[in-house]
Amino acid sequence: MAARRRFVPEFDPAFGDRPLTEALHDIVIGRWQGIRDLLSATGDDWPLRTHRLRLLAHAAAGSSAVENWRAAEPGNPDVAVLRAATEVVRVFNHAIEVGRGVGLDHARLDVAVMACLGAADARPADPMPWVSLLTVARLYEQGIQRRELRRWWDELRRRDPYNIEGHVQLLRYYSARWHGTHGTMYDFARDAAGAAPPGSPLPVLVQIARVEEYRYVAEGARGRAPVRDFGRHWHHELAVTEVRRTWDRWIGGRTAGPAAPEEIGELNYLAHAACYAGLNDEAAQLFELLGRQAARVPWSYTGDAEEQFTRFRHGAGLP
């Protein structure tokens, strides 16, 4: 009898989205036509479009693909939207290079903001420029004025009220790592979860908030003794109840079928939370939905991502 093949998760940034993978390859070899064709074909499927634009921006940040496309087709609104998202990624990459706590040049941030506002004018129905604005807002040393933040948020919700990426960006803005507190972050997450329609992934914001709190505490404790009793962070009564609530609202109301690429990231957050909460039945069903599609975040925050994904998957009874 042949030996059973060992399970190995796939950490594919495109989460199995083959057309996106081909467009990402085009960026590597210096072509922009595949990006244009992909975004045109995606149309106004906002969850898929947001997923694709986010990954394209990360890939394009280190290349001249967007600039080459813009030079060839300056009037294409899709290139304006991707350029804005790419500028935001570049500013974040610069922030990482100079180090956290070092103030960035506001003029550089303002350039990214103007690119986003220009993209919003070029493609008025598109939520992505407003997602990009909510992303770059975190990098202003004192945050941005509440009125302006509210305007950007309202503009996003007018176009796509349940946009998961936009919600995640505002949640991070409200976190203690950036411009808020744990309480503000959890209040936002729970309010959004409670207002989400059945089958929406938004309830997982509560689990994403729990990961953000963990990151904040873990980074503060680096080089010192672990925070006392913080191991219960994942499996005290409220944490477990909230995982079950997210499961009921999202997975219980979700249309049956395989996971779409734009769902994979959030499904990994819920699977991670279910595993650490000790909810094996829910974890098993989530791993079945995921198949081999794993995301490094949030697993990498609590250990080796591949080891954890594989171990918990086996622990949930899957081969």
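The values are calculated or read from the model by the stated rules, or taken from the named source; none is laboratory data. Note that the coordinates shown come from a computational prediction; the quantities given were computed from them, not determined experimentally. Every residue, glycine as well, gets a Cβ built from its backbone with ideal geometry; the counts of neighbours run over all protein chains shown. These area figures cover heavy atoms from the full protein model, side chains too; ligands, DNA and RNA do not enter into them. Shrake-Rupley method; radii C 1.70, N 1.55, O 1.52, S 1.80 Å.
Structure notes:
- Coupling constants for segment 117-129 follow from the phi torsions by the Karplus curve (6.51 cos²θ - 1.76 cosθ + 1.60, θ = phi - 60°), and in residue order they are 5, x, 5, 4, 5, 6, 9, x, 7, 7, x, 4, x Hz; glycine and proline get x.
- Residues within the reach of a label modelled at residue 107 (point 7 angstrom out along Cα to beta-carbon, backbone nitrogen below 17 Å), restricted to segment 71-98, are 91.
- With a simple spin-label model that places each label point 7 Å from the Cα along the Cα-to-Cβ direction, the separation between residue 260 and residue 300 comes to 2.6 nm.
- Computed on segment 58-169, with alpha-carbon pairs under 8 angstrom and 6+ residues apart, the relative contact order is 25 percent.
- Relative to one another, the C-alpha centroids of segment 140-194 and segment 247-319 are positioned 25 Å apart.
- The relative contact order of segment 158-212 comes to 34 percent, based on Cα pairs under 8 Å that sit 6 or more residues apart.
- Summary value for segment 124-252: 20 percent relative contact order, contacts being C-alpha pairs under 8 angstrom separated by 6+ residues.
- Accessible area per residue, Å², the chain with all protein chains present, probe 1.4 Å: 48 Å²
- Computed label-point distance, nm, for sites residue 311 and residue 10 using a 7 Å Cα→Cβ extension: 2.5 nm
- 5 angstrom amide H check on residue 254, placed H, neighbours 5+ away: 199
- The distance separating the Cα centre of segment 33-61 from that of segment 111-131 comes to 15 Å.
- Under 18 Å from the residue 241 label point (7 Å along Cα→beta-carbon), backbone N, segment 173-210: 183, 186-195, 203-210
- Summed over all non-identical Cα pairs, the Kirkwood treatment of the chain gives a radius of 20.6 Å.
- 5 angstrom amide H check on residue 301, placed H, neighbours 5+ away: none
- Taking chymotrypsin sites (Phe, Trp or Tyr not before Pro) across segment 1-95, the ones in a DSSP loop with at most 15 further Cβ atoms lying within 10 angstrom of their Cβ are 7.
- Separation of the residue 22 and residue 73 label points, Cα + 7 Å toward Cβ, nm: 1.5 nm
- Relative counts (whole %) of C-alpha pair distances in segment 46-139, using bins that are 10 Å wide: 17, 51, 27, 4
- Length released on extending from residue 37 to residue 248, taking residue separation times 0.36 nm less the Cα-Cα span: 72.2 nm
- Residues whose amide H lies under 5 Å from that of residue 293, counting only those 5 or more places away or on a different chain, are 10; hydrogens are built 1.01 Å from N in the peptide plane.
- Sorting the segments 70-78, 131-139 by their residues' average number of neighbouring beta-carbon atoms within 10 angstrom, most packed first, yields 131-139, 70-78.
- Cα gyration tensor shape of segment 152-298, rounded if a/c is under 1.5, else prolate or oblate by comparing a/b with b/c: oblate
- Across segment 187-203, rounded Karplus estimates of 3J(HN,Hα) from the backbone phi angles (6.51 cos²θ - 1.76 cosθ + 1.60, θ = phi - 60°) give 4, 4, 4, 5, 5, 5, 4, x, 8, 6, x, x, x, 6, x, 4, x Hz, Gly and Pro being marked x.
- Per-residue ³J(HN,Hα) for segment 168-174, Karplus 6.51 cos²θ - 1.76 cosθ + 1.60, θ = phi - 60°, Hz, x for Gly and Pro: 5, 5, 5, 4, 5, 4, 7
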